[in-house]
């Protein structure tokens, strides 16, 4: 199972909106509505930000939103804040009871 | 307080074995599928394995199939990862994580609770 494709880096100024893409295939992202997104800051455990494509867990800011079209999922961060600086990973359930993560995107707040 | 705490990492020679443990607290451990996920130095997250809430079903990434075994002891609220025939490219931080969603579900889900990770280094 190949990793899902994400841009290596995305940056934005405070207050701006950014979008991170996550491209897979019909065997993972395109085939199931089990796409999730994680924020990973150095030295910390990854944190679930979005599950089942577009659902936010309790406690996650509504500045984070998710969507999917075909084989590509997206995470949008609105009103970018300094605290959003981190690595972000998408993940999808895949065929044959596998899971796959994205290549990861480093978000920089300028 | 919902918590997962990995242990058992360390430095091991290629070809040797290591067993990781992940005791859980603060939730009904026996009701949730559990995963192991790893991150090699400078690399992204990689899913390793999943075990169903009752231990009946296990699935593995191709990269570890036949070498790693995921198991659980619901009486001890603990998840395990037995790693045999270790290779240098198995060096990583290993995280245990809970599958999100309804209790006693066999449906896929996200990884909603994570431990802090334990470091495994495979080197001669």
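All of the numbers you see were taken from the coordinates with simple rules; none came from a lab. All of these numbers come straight from a predicted model, not from anything done at the bench. No Cβ is skipped: glycine too gets one built from the backbone with ideal geometry, and neighbour counts run over all protein chains shown.
The figures follow:
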| quantity | calculated |
| --- | --- |
| Cα-based Rg of the protein assembly as shown normalised by 2.2 N^0.38 Å, two decimals | 0.98 |
| Beta bridges per DSSP with both ends in chain A, % antiparallel, nearest 5 | 85 |
| Alpha carbon centroid spacing (whole Å) that separates segment B:27-61 from segment A:65-92 | 23 |
| As computed over segment B:1-51, the Cα convex hull volume per residue (Å³) | 115 |
| Gain upon complete extension [residue B:102, residue B:85; 0.36 nm per residue less C-alpha separation] | 2.6 nm |
| Gaussian network model of chain A, Cα within-10 Å springs - most flexible of A:98, A:71, A:55 | A:98 |
| Principal axis dimensions, chain A - Cα atoms, whole angstrom, descending | 40, 27, 26 |
| Taking B:93, B:119 and counting other C-beta atoms within 10 Å, the order from fewest to most | B:119, B:93 |
| Hydrodynamic radius of chain B per Kirkwood, over alpha carbon pairs, in Å | 14.4 |
| Calculated FRET value between residue B:65 and residue A:5, using beta carbons and R₀ = 22 Å, to 0.05 | 0.40 |
| The protein assembly as shown: antiparallel DSSP beta bridges as a percent of all, rounded to 5 | 90 |
